[in-house]
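Nothing in this text is a laboratory measurement; each read-out follows from the coordinates by a stated rule. These numbers come from a predicted model, not from an experiment. Cβ coordinates were reconstructed from backbone atoms using ideal geometry, including for glycine residues, and neighbour counts include every protein chain displayed.
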Amino acid sequence: MENISSLFGTLSKDWHSRPWWMNLIFYFCLYMTFIYLPFDLFLKPVEGDEEIWFGFTLTGWWAKATEPLHWLIYGLGAYGFWRMKTWMWPWASVYAAQIVIAMFTWNILNDMGSLISAFISAFIFSLPMIALWRSREDFIN
């Protein structure tokens, strides 16, 4: 029972070491690094593989070839948020800006895409981008 209590104490301390919204990004990076991307790279068939870069969809072997770069980005993000590394500012917000561009572009290029959905997607993803840009002091401590 003491081990479980210690584990929850450690998790609680970790949770309070960064803003709640940053914890969500951190845990997303952990999920992508340790669960999704290994599955995507090693188990997903090449024929069904897709990667999005700046809003452009890569499929097949082109997608498979760029997966290690996504894995590296999410792995560095997980480590950087875990240890609140100073180099995360401004790079986390720069990557988030790339996601804003990608969401806007992907919605325009998508068969069912529209300008309104592109702006809505870009707006939603700009919220964490702005929060990350404004969080410089969180990474200095």
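Quick notes on this structure:
- Exposed-loop-free span, longest in the chain, where chymotrypsin sites (Phe, Trp or Tyr not before Pro) count as exposed if DSSP calls them loop and at most 14 other C-beta atoms lie within 10 Å: 88-141
- Given +1 at the Cβ of Lys and Arg, -1 at the Cβ of Asp and Glu and no other charges, the dipole of region 1-128 around its Cα centre is 500 debye to the nearest 20.
- Helix-only [θ]222 nm of the chain, DSSP H runs n ≥ 4, -39500 (n - 2.57) each, per residue, nearest 500: -23500 deg cm²/dmol
- Listed values (i) -0.34, -0.77, -1.11; (ii) -0.26, -0.65, -1.06; (iii) -0.26, -0.67, -1.16, entry calculated as log10 I(q)/I(0) by the Debye sum over Cα atoms at q = 0.09, 0.14, 0.18 Å⁻¹: (i)
- Charge dipole (region 19-140, unit charges on Cβ, about Cα centre) - positive-most of Ser135, Tyr36, Phe56: Ser135
- Rounded to whole numbers, the Karplus 3J(HN,Hα) couplings from phi for region 60-71 are x, 5, 5, 5, 4, 5, 8, 4, x, 5, 4, 4 Hz, using 6.51 cos²θ - 1.76 cosθ + 1.60 with θ = phi - 60°, and x at Gly and Pro.
- Computed on region 19-140, with alpha-carbon pairs under 8 angstrom and 6+ residues apart, the relative contact order is 25 percent.
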